[in-house]
1. Condition first: out of contact with any helix residue (DSSP H, G or I) (no Cβ under 7 Å at 6 or more places or on another chain) and either on the phi < 0 side of the Ramachandran plot or in contact (Cβ under 8 Å) with a residue 12 or more places away in the chain (or both). Now tell me which residues in region 106-127 satisfy that.
2. Given the conditions (1) within 20 Å of residue 218 (Cα to Cα); (2) in a loop (DSSP other than H, G, I, E, B), which single one is not true for residue 167?
3. Is it the case that residue 550 is touching a strand residue (DSSP E or B) at 6+ places or on another chain (Cβ under 8 Å) and modelled with pLDDT of 90 or more?
4. So, in region 384-419, exactly how many residues are under 32 Å from the mean Cα position of the chain (by Cα), loosely packed, with under 14 Cβ neighbours inside 10 Å and part of a loop (DSSP other than H, G, I, E, B)?
5. Against the condition free of Cβ contacts under 8 Å to residues at least 40 places away in the same chain, surrounded by fewer than 14 Cβ atoms within 10 Å (Cβ to Cβ) and at positive phi, how does residue 638 come out, does it pass?
6. Checking the condition in a loop (DSSP other than H, G, I, E, B) and either at pLDDT 75 or above or touching a strand residue (DSSP E or B) at 6+ places or on another chain (Cβ under 9 Å) (or both), which residue from 201, 208 passes?
7. Might you check whether a residue that is touching a helix residue (DSSP H, G or I) at 6+ places or on another chain (Cβ under 7 Å), modelled with pLDDT of 90 or more and under 27 Å from residue 110 (Cα atoms) occurs anywhere in region 619-641?
8. Regarding residue 340, is this residue assigned to a loop (DSSP other than H, G, I, E, B), under 30 Å from residue 432 (Cβ atoms) and touching a strand residue (DSSP E or B) at 6+ places or on another chain (Cβ under 9 Å)?
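The values are calculated or read from the model by the stated rules, or taken from the named source; none is laboratory data. These figures come from a predicted structure and were not determined experimentally. Here the Cβ positions follow ideal geometry from the backbone for every residue, glycine too, while neighbour counts run over all protein chains shown.
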């Protein structure tokens, strides 16, 4: 325990020494799995440090090991924008599709490359930012562009270092997976059963719930672990993924050992097959293998789709299956009018949860499988998440069953369904009056990635629709205080089964109206996404907003104008033209304009085309530009800003403290190196 007679300087030195010792023992225990002192001795060191920090609170460091015990309460998790978008990986369960991926890679960069294979950990993704060696923030995936700040909770996980050691970059991001070891999860559930409590469903759900708990002291008591597997940032030690991950181990980061370089697809298959046999022996759950192109410049060459990198893919192991009876088929209507058939099943336990419903996708799937009500069907979780029917046990088919007849009319409004040539889904064309479409479009309009009206939600929108206050999203801007005050709705509590009354009180009404008013500041690209034009997702909306600058220009754009925009294909162009040709859509936009919704880009257009056709990599510290500013400036003058030096790079813009790897790569490829002053002269 601490000596109460220590003066401040002596206490500072003792705190520093204790912190260093405890961090070292943490690393030995949780990462190296080679402890050198007993738990009792470790606890005594921690107790002494805690006592000293209580006696001298001004000496407590931001990365003190005492943070591991938690104690802070987080009432609301702040939204944080990712420095680098957390895109999802494309998935496959098929060796043939993996071969197709390999063919596309070789077509893009030739045969001189290597893959890195890693296990696909079945946990919760996390992105951690270290600045000057200290853990700065830890953010969940969220929507890929922003997530929840769960830093306080992540600091309680012993395998996540609070302070790094060695030659780490000044500012970088490392991604990984938070998970619960299977043995500890089973022990926890055994204890809960003995105490008469309901066991947790599976380690992943338990982990996700724990990370979002408000009390970090409870998080600290739960034995979560973390593997870190992907490094991002400027001035990384190497120009490839594999060497960087090995190097990151030296900084104290818990990099998993389950990683291998593969030169051929046969070696990739071998890695996949070996771990499919061995995965049951692992102390944690995995659901597949991730395959990445190793070299960063080759990754840059291959690029990205709207949702995923073209240089990586996840090979998923076949999901667990169960057999149960199909009781009935019902149909759901989406916001675009798309019809989705859903199977109602006799409850069956599958991959940690009880499944009662499963997707049947479309009419073709039903016909191909010949699914009939009363059949014993094979159910699995696609990607271990969404249950789906994958087959029928024909040996157990009841006598007298008839092939299923797909509906011809909308189940909600009775309108005859349509199916366009070449499309798998049927659609209800009644946009104006079909209730699920009305609700779906409004919910899309108010969603976080669109207008972000977080004071509204599904329940409140339903109340407004039921009372006839809103028929489309433009109606939201006509709502008045008196329209909403006292608005009531009776709902049934799903747990108790009892009815209860919901009503809008003064505070609720004011919050709703303030949220709607604040949405008028939403930038044009998000407004465009909010309109819900078929096939216009976030990425496409950004491209269209950047290219046409205003809704008026976009409405006047022809099919040819649209397909001339990078990555805007025929299907998207046709959909956009059809949307704006509709009088009701023109009227809707006119109403939104009158209310002050932004339909023009605020950022200035291209400053010049002086960098047109040039790809520039900017690295190191610049005097006049931040990292975001230099990227924007390159693009404003018609150039493309890239992050890695490759054969397609035209210039390397070198600032202070630029990494030697980038300079060496530029020299090797004959890429001219320019200064910030040179760049300014180029753009005039």
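1. Within region 106-127, 106, 107, 111, 112, 114, 118, 120, 121, 125, 127 meet the criteria.
2. Only one criterion is unmet by residue 167, namely (1).
3. Considered against the rule, which asks whether it is touching a strand residue (DSSP E or B) at 6+ places or on another chain (Cβ under 8 Å) and modelled with pLDDT of 90 or more, residue 550 comes out as yes.
4. Of the residues in region 384-419, 1 are under 32 Å from the mean Cα position of the chain (by Cα), loosely packed, with under 14 Cβ neighbours inside 10 Å and part of a loop (DSSP other than H, G, I, E, B).
5. Here the answer is no, as residue 638 does not meet what is asked.
6. Result of the check over 201, 208: 201.
7. Scanning region 619-641 turns up no residue that is touching a helix residue (DSSP H, G or I) at 6+ places or on another chain (Cβ under 7 Å), modelled with pLDDT of 90 or more and under 27 Å from residue 110 (Cα atoms).
8. no
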